[in-house]
Amino acid sequence: MPRCEGCGREVDAVSFCPTKVSLVTRSLRHGRWLCRSCLGAENSVQQNGSEPREARGDLRHFFINFFHWLGHNTLELRVIDTANGRVIFQDYNVADPEFFAEKCLEYSGGAQVYYSAQPRDGEGGSYENVPALTFIPIDVDAVRPNKKTEPANASQRFNAKRNTAKILRHLKSKGVQSSLLVDTGNGFLTLVRIPRQETSPYFYKAGDSTQNKLSDMVNWFLQHEIKPLIDDTVEVDSVGDLPRILGVPNTVNMKGMRVRRVILGDITKPPEPQPAMWRLIEECWESRERMGATTVTAAVSRGVNTLMAMLPPSLREGFERPAVGERSDVLVRALLHLANNHGLTKDECVAAMDPLTRKIGRERWPAAQQYEKLVAEGKIRPQTFTLGRFTLRVRKDEIIVYNGDKPVYPLTWRELGSPRARARLAKRLGLDGDEFDRVSAVIMDVHGGRRRVSYGV
C-alpha cells in the first residue's frame, strides 16, 4: 500500500488511476502520492498561503515524524519575519517533537520556519554548539535578479529541477542515495544521511571565530564536486557550515508562498546512512591540491610531460621543433600562459620553467628576471593578493583563499562580487570587511573586471 508523501501515512484513497482525476489532478501532474487531507492542504496553501483547519492534524503528524526522522536529540528552531528580517522566535534546545510540531503549525504561512540541519547541544547556535555532522545538504536555488524578494518563476524552477536531477544521477553513480528531496518552492534541497561524524576533534580558530575542518570538507565538496555539475541558471547555496539552518518541509516558503514539498523520501522510518557519501567527501578533500589547474609542485614531480600538457598545442609544437632563434620567444609565451591561464605564482613559474628550458634545448634561462619584466610591462597579471594573514590566489575560474600553504576556501567570481558572500566569509575567517572589499575590487580590476565588485548589501 502506498504512503502519502505529505504526512507519511499509508493511504488507499489516492491512486494514479485516470478515473480518479478529480481527486489526484495535482498528484498526477507531480507524480506523487497524496491523501485527501494533504492534497487539500497543499492546494489551499498555494491559493491562500495558509493551511486549512482540517489539515492541521495531518501536518502535526508530519512534523512529529520529521523530528524523529532527523534523529537529533536536540535541534534549533528559528522563525524569521520576512517583512523586516527580524528573528521572532528562536530556541536552541528543542527536544520535544510535540513542541516542534506546534511551533511549525503556529508560524507556517506567516513567517519563515527553519530547523538546524545538524544536531545542537542546547546551548547556542554557533560552531562549537554542533556536536556532530549527520546530514549533507545540497541546496540548489534558481538564479533570479533578486533572490531576497523575488520568487522563482516556472522556467527558473524547471532549471533547478533539471540541475538537481543531474546531481542526483551523479551521486547515484557513486553509490549514494538521497535520503530526502524537498521542493523548496524556489529550488530543490537534497539531504543525504551519513554515518555520524563527531566534530570535537576538528575545531580550530580562525581569527576570533571558531571553525571546524568537517565543515571545510563539506564546503569544499560542494564547490569542487557538485558545482561543476550545474549550469549558470542555478547556484548551489553554501550550506556546509555546521550551524546552517534549513526551511522545515511542509511549511510555507514566504518567498513565493509555496509549500516546501517532500517529493522523495520516507520520513516514517529512519534514513539509511550513506557511507559512500562521506568517502566521496574525504576523497574530494584529499585531492584538493589538484583543484583547477595542476599545481607546479605536482606537475614537476610527475615530469616535464605533465607540464607540456598544460600548454596549448601551438606552444607544444614550439618545444618539439624549436628554431634556434625562436627558443626564447617560446619560453616567454610558455611563461605567460602558465602565469595568466593557470594562475601560477612567480616561484611556481620559475620552478616550472626549469624543466621546460631543458626540454627546449637550453641549459639556463632567466625565468625570474623575465617574470618581473613581464609584470612591469603589464603582460602578467598578479595572481596572489595578501589579505591579513591569508592569501588570495587566482586560479583559472576561481579564487582560492590560502592560510599559509593550505587552501581553506574556494571563491567563485560571483561570490567575490557579492557583498553578502564577502561579508559571510569575512566573518567566518575573522577578516576586516572593508579591506576584503578593497582587495576584491583590485582583483576584479586587474583581471579584466569579470564581474564588478559592488559595495553594500
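All of the numbers you see were taken from the coordinates with simple rules; none came from a lab. Just so it is clear, the model here is predicted, and its values are computed rather than measured. A quick note on method: Cβ atoms are made from the backbone with ideal geometry, for glycine too, and the neighbour counts reach across all protein chains shown.
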Legend entry - segment 384-446 - Rg (one decimal) and Dmax (whole number), Cα, Å: 10.3, 27
Inset, instruction - Figure the gain on full extension for E372 and F385 (residue separation times 0.36 nm, minus the Cα-Cα span) and round it to one decimal in nm. - result: 3.1 nm
Legend entry - Rounded to whole Hz, the Karplus (6.51, -1.76, 1.60) HN-Hα couplings of segment 59-70, x for glycine and proline: 5, 4, 4, 4, 4, 5, 4, 5, 4, 5, 4, 4
Inset, instruction - Please list the non-local residues whose amide H lies under 5 Å from the amide H of L387, H modeled 1.01 Å from N, same-chain partners needing a gap of 5 or more. - result: L392
Inset, instruction - Using R₀ = 35 Å, calculate the FRET efficiency as 1/(1 + (r/R₀)^6) where r is the Cβ-Cβ separation of T412 and A132; round to 0.05. - result: 0.75
Inset, instruction - Apply the Karplus parameterisation 6.51 cos²θ - 1.76 cosθ + 1.60, with θ equal to phi minus 60°, to every residue of segment 264-271 and state each ³J(HN,Hα) to the nearest whole Hz, in sequence, with x for glycine and proline. - result: 7, x, 10, 8, 8, 9, x, x
Legend entry - Residues with amide H under 5 Å from that of G417, placed H, sequence gap 5 or more: none
Legend entry - Label-point separation, A421 to F99 (7 Å along Cα→Cβ), nm: 3.8 nm
Inset, instruction - Output the peptides 78-85, 118-125, 417-424, 211-218 sorted from most to least packed, where packing is the average of other Cβ atoms within 10 Å over each peptide's residues. - result: 211-218, 118-125, 417-424, 78-85
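Taking all pairs of different Cα atoms in segment 296-376, averaging 1/r and flipping that mean, what Kirkwood radius in angstroms comes out?
Details: mean 1/r = 0.0804 Å⁻¹.
Evaluated on segment 296-376, it is 12.4 Å.
Report Rg(Cα)/(2.2 N^0.38 Å) for segment 131-176, keeping two decimals.
In units of the 2.2 N^0.38 Å rule of thumb, it is 1.47.
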Legend entry - Karplus 3J(HN,Hα) series, Hz, for segment 99-106 with 6.51 cos²θ - 1.76 cosθ + 1.60 (x for Gly, Pro): 5, 4, 5, 4, 5, 4, 5, 5
Inset, instruction - Please provide three numbers in whole Å: the alpha-carbon extents of segment 334-373 along the principal axes, with the largest listed first. - result: 25, 17, 13
